[in-house]
Amino acid sequence: MVELDQEETVLTATEMASKKKQLLSTAMKRTKWIVVVEREKEERNVIIDKDGVLNFYRIFSQEIPSDVVINVGGASFSLHKFPLVSKCGYMRKLVLEARDADHSVIEIPDFPGGAEAFELAAKFCYGINFEMSTENIAMIRCVAEYLEMTEDYAVGNLVGRTEAYLNEVALTSLAGAVTVLHQSENLLMIAEKIKLVSRCIDAVAYIVCKESQFGLSGRGEDSNGSVNSSLGSHPKPIVDWWAEDLTVLRIDIFQRVLVAMMARGFKQYALAPILMLYAQKSLRGLEIFGKGRKKIDPRQEHEKRVVVETIASLLPREKNVMSVSFLSMLLRAAIYFETTVACRIDLEKRMGLQLGQAVLDDLLIPSFFFTGDTLFDVDTVQRIMMNYLECEMDGSCLYNNADEEYVSPPPSEMERVGSLMEGYLAEIASDRNLNTSRFISLAELIPEQSRVTEDGMYRAIDIYLKAHPALSDMERKKVCSLMDCQKLSREACAHAAQNDRLPVQTVVQVLYYEQQRLRDVMNGNLMGGESPALPPKVNLYSTDFQPVPDELSSIRRENEDLKIELVKMRMRVKELEKSAGNTPPSANKPPLPRKSFINSMSKKLGKLSLFMHIDGVRPSDAKSWAKPSRGRRHSIS
């Protein structure tokens, strides 16, 4: 009996040891998913089977099968319910619903961040370490919010971890804040919900205003709070080191950042180089400087249109902070993408304000829509010129700067604009589709006081007449009436007198005014009235004009030389008349006098008696200097 009792005791102890070992093994199996297998972790954190299904449990245990399959963003994850529901409030609700319906497959549509984001959240639930960075923190933070991974379900959950990283690392530097903001653009709905976007924008605005010289307390202001300026201008804005970082943002986020910067005191005129940099990067590759309009993807076209309209709305109101070339480029893009009418009108007004700084290429805006019209957009340039003239009449509109100080217009700006428009007329005059009415209407906008000489207008008219040989006489007269023949230079007069394309009346006027000017020269009245022979740099319309001594002395010397030449010519004419009275008709002709400018001009003007009778004007002293004809010499003999 004792032996039986001993055997039963040994058996019982053996069974207890076996059961204890079995229980321990079961416990180890249940807790094995918590332990990280360092060897397999170094090799690969995720194992993908032949069907492309991600199996986390195979990393930790090959014995515990997965009890749920989650489909996210086109990928399937074979997981375990326990680690998921222990940290995710959202997954707990889904598992409960699936258990009631006896489903082992869960679909999560429209998951923020897709399969990549869910993989990181699952790793966190399984205790797998992964790296947080400014590149993925926005995605992880949105996923943690979506899955409700808060402190209510586990201590040190993913929401708390991501918030700590944002506050202590990501949002403390400009590069980090901009990167997080850029990554939030693809998760905008949930990022706006958790106020991640607004926090990033505020961080960027704060750092920029702190670092920039154009912030509220920057070096752009003096001790009295007024902007340092010289000659009524602002400190020249420069592209700071941070401006390049902002160009990666989407246009709507970029706009919100600039608005936040101005709300913190950033100077609006200092936004000019930032806007120019953003526009150049966003519109790069677009052929808006050639002729014609090429096809573009509708979605991309819409995005570019929004970019142009937004940048136009953000342009500073101050004058001279944006270059005319940039405004011209932006206007071309606005026409190309068919932006709103208000956007194009605003850009045209801005160009009109600074038309005095423009060059010819800024006005050569191609016509992108070929409907049998002109090659260049003449109507746009005409509106720009009208805006300039309107602001010229209203000095406060054109010459007030941002400090509300009145700055008098430069004396030569009107002349520069006139010369610019004459060059534009000459450029478009060769277009055969440009009708007479449009040419005339544009030419009539050029103020007369802006044209010291009419050479530029004459050149444009000559090119237009040459390119349009089929014009009627009436149309040619209308075109030629645009120029004042009295203000043509001597070279232009010489060319016009032999120009067969001009109407006869215009040629008569040119010859008459040239003869009148020559008569004034011979009478010593060079200084009287307005003379186009003055140097072009002299402003004839200034009220306080005084010729400089060098110019005055040179004019006087020229006047004396002409008088001497005229006296010599008169003496020579008298000698010829005397010799003609004493020489028989059969005798040889006397030697011709020495050629001079006055002598050559007198030969040409001697033929103008017919024109003088037509106009009812005949020079009183014509007989004293005109060369006698052959018939007059016979009558004397």
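On a full-extension model of 0.36 nm per residue, what is the gain between K123 and V504, subtracting their alpha-carbon distance, rounded to one decimal in nm? Each step should come with its number before you reach the end.
Values: separation 381, 0.36 × 381 = 137.16 nm, distance 9.35 nm.
Taking 0.36 nm per residue and subtracting the Cα distance, the gain is 127.8 nm.
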Inter-label distance, nm, simple model (7 Å from Cα along the C-beta direction), S441/E168 | 7.0
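Arranged from highest to lowest average of other beta-carbon atoms within 10 Å per residue, in what order do the peptides 420-430, 140-150 appear? Don't skip to the answer; put the middle values down first.
Details: 420-430: 21.1, 140-150: 23.9.
Highest-to-lowest ranking by the protection proxy: 140-150, 420-430.
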Run the quick spin-label model on E116 and E135: label points 7 Å from Cα toward the beta carbon, then report their separation in nm to one decimal.
-> 0.8
Are any of the pairs K210/K267; K304/K349; K267/K319; K87/K193; K93/K193 more than 24 Å apart by Cα-Cα distance, and if so, which?
-> none
Mean projection area, nm², convex hull over Cα of the range 419-480 | 3.7
Starting from the Cα of L360, move 7 Å in the Cα-to-Cβ direction to define the label point; list residues of the range 415-447 whose amide nitrogen is under 13 Å from there.
-> 419-430
R0 of 25 Å, Cβ-Cβ distance E338-M386: FRET efficiency to nearest 0.05 | 0.65
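What ranking of K478, K281, K295 emerges when the number of other C-beta atoms within 10 Å of each C-beta is taken as an exposure proxy, fewest first? Spell out each step's value before the answer.
Working: K478 16, K281 12, K295 6.
So the residues, fewest neighbours to most, are K295, K281, K478.
Which FRET efficiency value, to the nearest 0.05, is calculated for R432 and R284 with the Förster distance at 41 angstrom and r the Cβ-Cβ distance?
On the way: r = 34 Å, r/R0 = 0.84.
So, using R0 = 41 Å, E works out to roughly 0.75.
Within a 10 angstrom radius of the beta carbon, how do Y269, Y90, Y464, Y126 rank from fewest other beta carbons to most?
Lowest to highest Cβ neighbour count: Y90, Y126, Y269, Y464.
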Which distance in nm do the two modelled labels at L277 and V259 give, with both placed 7 Å along the Cα-to-Cβ direction?
-> 2.3
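Given the Cα-Cα distance of D252 and K478 and 0.36 nm per residue of separation, how much length would full extension add, in nm? Show your work: numbers first, answer last.
On the way: separation 226, 0.36 × 226 = 81.36 nm, distance 5.20 nm.
Full-extension gain reported as 76.2 nm.
Using r as the Cβ-Cβ distance of N186 and E448, and R0 as 45 Å, what FRET efficiency do you calculate, to the nearest 0.05?
Values: r = 60 Å, r/R0 = 1.34.
With a Förster radius of 45 Å, E is 0.15.
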Counting other beta carbons within 10 Å of each Cβ, put E338, E97, E415 in order, fewest first.
-> E97, E338, E415
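Read-outs: derived from the displayed coordinates by stated rules, not from any lab. Computed from a prediction, not measured in an experiment: that's the story for all the values here. Don't worry about glycine lacking a Cβ; one is built from the backbone with ideal geometry, like all the others, and counts go over all protein chains shown.
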